[in-house]
1. Looking for whichever is among the charged types (D, E, K, R), under 30 Å from Ile36 (Cα atoms) and open to solvent by 40 Å² or more (accessible area, probe 1.4 Å) here; the options are Glu96, Glu100. Which one fits?
2. Those residues that are assigned to a helix (DSSP H, G or I), closer than 20 Å to Ile66 by Cβ and open to solvent by less than 50 Å² (accessible area, probe 1.4 Å), I need them from region 126-169; list them, please.
3. List, please: which pairs have Cβ atoms under 6 Å, are six or more places apart or on different chains, and start with a residue in region 54-81 that is farther than 20 Å from Ile113 by Cα and end with one that is open to solvent by less than 30 Å² (accessible area, probe 1.4 Å) and modelled with pLDDT under 95?
4. Can we say Lys58 is in a helix (DSSP H, G or I), at pLDDT 95 or above and over 28 Å from Phe140 (Cα atoms)?
5. Could you tell me how many of the residues in region 103-125 are open to solvent by 30 Å² or more (accessible area, probe 1.4 Å) and either in contact with a strand residue (DSSP E or B) (Cβ under 7 Å, 6 or more places away or on another chain) or in contact (Cβ under 8 Å) with a residue 40 or more places away in the chain (or both)?
6. Report, by residue number, each residue of region 73-91 that is over 27 Å from Ser131 (Cβ atoms) and either within 16 Å of the chain's Cα centre (by Cα) or open to solvent by less than 70 Å² (accessible area, probe 1.4 Å) (or both).
7. Which one of Pro70, Pro18, Pro4 is loosely packed, with under 10 Cβ neighbours inside 10 Å and not in a helix (DSSP H, G or I)?
8. Give me the residue from region 135-169 that is closer than 23 Å to Tyr105 by Cβ and in contact (Cβ under 8 Å) with a residue 40 or more places away in the chain and, out of that set, nearest to the chain's Cα centre (by Cα).
Amino acid sequence: WLKPFLQLMQDEARSPKPGGETILTRLTDILVVQAIRHWLETEEAGEHSWLTALRDPKIGRVLLEIHKQPGAAWTVAGLARIAGMSRSAFASRFHELSGEPPMHYVTRWRMQIASSEMLYGHSSTGDIATSLGYASEAAFCRAYKSCTGQTPGSLRKKRRELDAVVLGA
């Protein structure tokens, strides 16, 4: 199914017609869902990932809440309550399925959101910090550097450099 599907996407992209953008968007959505399905069907038993954790009813519920409210004041105890598990059982199960401790996951998810906003959005670093639950911009910047190995300022500088190349400035 893949080859004719990709050909259809290529045809839509090369010959723009009314509604073509919508068709390309939907075809891309289908392609992503099919790729995830394939990955889930062929995933090795015991492999650690957030998708593996998402399939677990209790841990999956927690992941959905983290993704819906990344700036909430999450704690292991609070996440365990959502899962309906004891704190230690939750932490152990989360780590077993995802390959990382719950609070590492929360921090990493927040930093992915922050990186995306700094690269593609228009929010200030302070606004991003606040939206992700940090008490101060400085605390966010320390956490960001610890997690990603770079400062928010260096990421924004890369964005400006890319913008200059794209815009020919």
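1. On the way: Glu100 fails: open to solvent by 40 Å² or more (accessible area, probe 1.4 Å).
Of the residues listed, the single one that is among the charged types (D, E, K, R), under 30 Å from Ile36 (Cα atoms) and open to solvent by 40 Å² or more (accessible area, probe 1.4 Å) is Glu96.
2. To start, the set of residues in region 126-169 that are assigned to a helix (DSSP H, G or I) comprises 126-131, 137-148, 152-167.
Now narrow it down to the ones that are closer than 20 Å to Ile66 by Cβ: 128-131, 139-140, 143-144, 146-148.
Within region 126-169, Ile128, Ala129, Ala139, Phe140, Ala143, Tyr144 qualify.
3. Going by the 6 Å Cβ cut-off, the qualifying pairs are Asp56/Leu97; Ile59/Ala53; Ile59/Leu97.
4. Details: in a helix (DSSP H, G or I): yes; at pLDDT 95 or above: yes; over 28 Å from Phe140 (Cα atoms): yes.
Yes: the conditions hold for Lys58.
5. Of region 103-125, the ones open to solvent by 30 Å² or more (accessible area, probe 1.4 Å) are 103-104, 107-109, 112-113, 116-117, 119-120, 122-124.
Now drop any that are not either in contact with a strand residue (DSSP E or B) (Cβ under 7 Å, 6 or more places away or on another chain) or in contact (Cβ under 8 Å) with a residue 40 or more places away in the chain (or both), which leaves 107, 109, 113, 119.
Looking only at that region, the number is 4.
6. Passing the criteria: Gly84, Met85, Ser86, Ala89.
7. Details: Pro70 fails: loosely packed, with under 10 Cβ neighbours inside 10 Å; Pro4 fails: not in a helix (DSSP H, G or I).
So the residue among Pro70, Pro18, Pro4 that is loosely packed, with under 10 Cβ neighbours inside 10 Å and not in a helix (DSSP H, G or I) is Pro18.
8. Top of the filtered list is Cys147.
The values are calculated or read from the model by the stated rules, or taken from the named source; none is laboratory data. On a predicted model such as this, the values are computed, not experimentally measured, just so you know. Counting neighbours? That spans all protein chains shown, and the Cβs are built from the backbone with ideal geometry, glycine included. The protein model used for the area step is the full one, side chains on, heavy atoms only, and it has no ligands, DNA or RNA in it. Shrake-Rupley method; radii C 1.70, N 1.55, O 1.52, S 1.80 Å.
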